[in-house]
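S.K.: Before we start, here is the structure in question, set down as structure tokens.
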Amino acid sequence: APMGTCWGDISENVRVEVPNTDCSLPTKVFWIAGIVKLAGYNALLRYEGFENDSGLDFWCNICGSDIHPVGWCAASGKPLVPPRTIQHKYTNWKAFLVKRLTGAKTLPPDFSQKVSESMQYPFKPCMRVEVVDKRHLCRTRVAVVESVIGGRLRLVYEESEDRTDDFWCHMHSPLIHHIGWSRSIGHRFKRSDITKKQDGHFDTPPHLFAKVKEVDQSGEWFKEGMKLEAIDPLNLSTICVATIRKVLADGFLMIGIDGSEAADGSDWFCYHATSPSIFPVGFCEINMIELTPPRGYTKLPFKWFDYLRETGSIAAPVKLFNKDVPNHGFRVGMKLEAVDLMEPRLICVATVTRIIHRLLRIHFDGWEEEYDQWVDCESPDLYPVGWCQLTGYQLQPPASQCKLVYRKASRESQSGSSKQKKKAKSQQYKGHKKKRKMPFGKKPVSLSSLPMTGGVRRSFSGGEELTPPPYRTLPAQTAPEAFPPPRTSREFNPSLKTVTTLQLKEELMDGEDYNFLQGASDQESNGSANFYIKQEP
């Protein structure tokens, strides 16, 4: 996520300069505010001078273009104006700020530059990649990057003449690879009918893709027919009994879900041996997770020992699985923005409801638990609160109760029977088992999600843009001559990280007078004295 590696010490009580909305001046003016609370990228701010009064507290994205370190106004010639509600509280606002801000922390002077740099992405339109074929998960196809939003790629399959046959994923997704990857590891690949690259299209450099951990396959290793437990890639709320169907090069495995495989293996899915989505036999039982048995298996409750004996199979050795658990910091109840991986163009309001080592149970707010998804803590499809606003991506709000009723009624009318089980599978994989209906007023864009062979094709229609219009920001009002703020001087110390400590001093400037705007009604100066912010370790 942007700023993920340089967020540093941004915390409560850090001071920033923000637009003053409690003002009737014709020009855009600013005032100093302190962070009261942080929620992802969003900060609850309170203007200086309000003390314990939360009446004008407001939320904003700390990485937004209107958030600046203390001293920015002085350097940019922007006026500082106290809010109209409290302008009567002090006669000398300059002295008030000197007292309040001495020793306080603010953002580093290059904060906005860091935000901008963290939102530069190496993937560009017209790059060619290999990506999973959403109709036959066992193979890959060539696709071209159509657009990049916040590191998320809209890929259009190369053979799509009208450019509507597309797929969304993050640039660090394990579903995309460099051209030639499939041949190099022995993965199935659908050759394109296009004999040569289209003008302007070029292969993505291999070093841009997410790296997988190197493994040693020369010793004891996974073998075809071994049993394990795996997250069903087409029903991410379940962990199922699974089988290794093929061992590829470089540590990649083709996995099939027992009892639900297509006869031609078109629904086998490629997982790397170090993938956090595959587990040794007994993982669910140890961690008290419901294991989904093979469809049609009648000896319930399911017992691995009996199943291995009946099928003449062996369990994959525990030592071959990835046991690394990072100190990720997620906690049950935390809010975030998460991709609905069954409709990967959608990013929704979500909650962490369970944590098993590095595995997170993600619940989409307002939807039933059957739509929950098991996701790794380091998944590139999880984002802090405020990510969509920062990148300009549309965030799907929680579904209301009336929308859920509508969705259920619609689903029942389409199926012809309300008793039909949502999770039922046929002998051949019929596709996505749970189709999420779009809420009222949420007309989807023209993108496809992740359908299955011979199954229900989940497609979307609509003539909207790929992303919503930019989020509204405070309008930059033009005005008569602006009153300059007190002059500042900054001395940047490279040893400082994300937060800057302020030391304010009041000095007389030789022969120079500066007006300090006290309010909207009286634009009187507090004197010719001037204060500046000096940055010290």
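The values are calculated or read from the model by the stated rules, or taken from the named source; none is laboratory data. The shown structure was predicted, so the numbers you read here are calculated from the model rather than taken from an experiment. All Cβ positions, even for glycine, are placed from backbone atoms using ideal geometry, and neighbour counts span all protein chains on display. The accessibility values were calculated without ligands, DNA or RNA, using every heavy atom of the protein model including side chains. Shrake-Rupley method; radii C 1.70, N 1.55, O 1.52, S 1.80 Å.
S.K.: Taking PRO79, is it within 29 Å of ALA39 (Cβ to Cβ), surrounded by 16 or more Cβ atoms within 10 Å (Cβ to Cβ) and not aliphatic (A, V, I, L, M)?
M.R.: No, not satisfied.
S.K.: Determine which single condition CYS284 fails, assuming it passes every other condition in (1) crowded, with 17+ Cβ neighbours inside 10 Å; (2) in contact with an Asp or Glu (Cβ under 9 Å, 6 or more places away or on another chain); (3) assigned to a loop (DSSP other than H, G, I, E, B).
M.R.: CYS284 satisfies every listed condition except (3).
S.K.: Considering only residues of region 332-380 that are among the aliphatic types (A, V, I, L, M), assigned to a strand (DSSP E or B) and under 19 Å from ILE278 (Cβ atoms), which is most open to solvent (accessible area, probe 1.4 Å)?
M.R.: Of region 332-380, the ones among the aliphatic types (A, V, I, L, M) are 332, 334, 336, 338-339, 341-342, 346-347, 349-350, 352, 355-356, 359-360, 362, 375.
Right, trim to assigned to a strand (DSSP E or B) and you get 336, 338-339, 347, 349-350, 352, 355-356, 359-360, 362, 375.
Now narrow it down to the ones that are under 19 Å from ILE278 (Cβ atoms): 355-356, 359-360, 362, 375.
Numbers: ILE355: 50, ILE356: 17, LEU359: 5, LEU360: 0, ILE362: 1, VAL375: 11 Å².
Per the criteria, the residue is ILE355.
S.K.: Cβ-Cβ distance below 7 Å, separation of 6 or more or different chains: which pairs start in region 116-142 with a residue that is in a loop (DSSP other than H, G, I, E, B) and end on one that is surrounded by fewer than 21 Cβ atoms within 10 Å (Cβ to Cβ) and aromatic (Phe, Trp, Tyr)?
M.R.: Taking only residues 6 or more apart or on different chains, the pairs are CYS126/PHE202.
S.K.: While we're on this one: Could you grab me the full set of residues in region 82-95 that are surrounded by fewer than 19 Cβ atoms within 10 Å (Cβ to Cβ) and of a type outside the set (Gly, Ala, Ser)?
M.R.: Taking region 82-95 first, the residues surrounded by fewer than 19 Cβ atoms within 10 Å (Cβ to Cβ) are 84-85, 88-92, 95.
The answer is ARG84, THR85, HIS88, LYS89, TYR90, THR91, ASN92.
S.K.: Of VAL132, VAL98, VAL145, VAL115, which residue is touching a Leu at 6+ places or on another chain (Cβ under 6 Å), β-branched (Val, Ile, Thr), within 30 Å of CYS73 (Cβ to Cβ) and open to solvent by less than 60 Å² (accessible area, probe 1.4 Å)?
M.R.: Within the list VAL132, VAL98, VAL145, VAL115, the selection yields VAL98.
S.K.: Can you name the condition, by its number, that THR164 falls short on among (1) closer than 29 Å to MET119 by Cα; (2) among the hydroxyl-bearing types (Ser, Thr, Tyr); (3) open to solvent by less than 20 Å² (accessible area, probe 1.4 Å)?
M.R.: All conditions are met except number (3).
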